[in-house]
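Asker: Quick one: this structure, given as structure tokens, is what I'll be asking you about.
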Amino acid sequence: MRYEEFRNNDTNVAVPKFGIRWQPLDETLTVRATIGKGFREPSLIQLYGSPTSALGLVTDTLPTSLGGPAVPIGDPRRTESEQNLVFTSSPALTPEDSVSFSGGVVWTPKFVPGLTASVDIWDIEQTGLVALSSVPGILNREQFGGLLPGESGGWGKRQPLFAGTRAMRPRPRSFDRTAPRPS
């Protein structure tokens, strides 16, 4: 069990982890598993950083009927080679959470000295990820009416920002196996 206290927003959190290890026969076979929770506060820069800007290539895909440029989509005049992009922080970001599971079997046969073979599986589910909005993502969300809070649309004033969104739920999974050669 890990306990964390964050003074920048008065958040306190307990982050549990539980593991079990079992040797059903003798020391040659081990079965193991863990389950735990994870927690990550947004960084101070993501919460309170000063705005930064950069020039970037932007192609506007917003239809003219929704406020896009008065030229057909695909026309090179919709591309702005030096569009000012402003990146801002967001003090309203919430922490990221995760739940993880891992399990596996380790076999160390006595009849082959130095050999250990293992098979492992793991799964991590993350919610509330803090991610920097991409320019194409903002343009697509603007077109379909789904701008995130704090994002602005309209030709010449789009602003990517750090945006915490509960919609992002990456779930990495893996199956690993190892069998080093005997020494």
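The values are calculated or read from the model by the stated rules, or taken from the named source; none is laboratory data. What you see is a predicted model, and the numbers here were worked out from it, not measured in a lab. Reconstructed Cβ throughout: ideal geometry from the backbone, glycine too, with neighbour counts over all protein chains shown.
Asker: In the set ASP97, ASP26, ASP60, ASP75, which member is touching a Phe, Trp or Tyr at 6+ places or on another chain (Cβ under 7 Å) and farther than 26 Å from LEU129 by Cα?
Answerer: Exactly one of ASP97, ASP26, ASP60, ASP75 is touching a Phe, Trp or Tyr at 6+ places or on another chain (Cβ under 7 Å) and farther than 26 Å from LEU129 by Cα, namely ASP60.
Asker: Test of understanding: among ALA92, ALA54, which residue is in a loop (DSSP other than H, G, I, E, B), among the small types (Gly, Ala, Ser) and in contact with a strand residue (DSSP E or B) (Cβ under 8 Å, 6 or more places away or on another chain)?
Answerer: ALA92
Asker: If you take the residues of region 44-87 that are at pLDDT 80 or above and buried (at least 16 other Cβ atoms within 10 Å of the Cβ), which of them is farthest from PRO136 (Cα to Cα)?
Answerer: LEU47
Asker: Which condition from (1) surrounded by 11 or more Cβ atoms within 10 Å (Cβ to Cβ); (2) closer than 30 Å to SER100 by Cβ is the one that GLU27 breaks?
Answerer: (1)
Asker: Here's another thing I want to ask about it. Between a residue in region 44-57 that is touching a residue at least 12 places away in the same chain (Cβ under 8 Å) and any residue that is of a type in the set (D, E, K, R), which pairs come within a Cβ distance under 7 Å, given they are 6 or more apart or on different chains?
Answerer: From region 44-57, the pairs are LEU55/GLU82.
Asker: If I ask for residues that are hydroxyl-bearing (Ser, Thr, Tyr) and in contact with a Ser or Thr (Cβ under 8 Å, 6 or more places away or on another chain), which ones from region 1-29 would you list?
Answerer: Within region 1-29, just THR28 meets the criteria.
Asker: Turning to a different aspect of this structure: State which residue pairs qualify: first residue at pLDDT 95 or above and of a type in the set (Val, Ile, Thr) and inside region 19-33, second residue loosely packed, with under 13 Cβ neighbours inside 10 Å and part of a loop (DSSP other than H, G, I, E, B) in any location, beta carbons under 9 Å apart, and separation of 6 or more residues or different chains.
Answerer: Final answer for the pair search is THR30/GLN23; THR30/PRO24; VAL31/GLN23; VAL31/PRO24.
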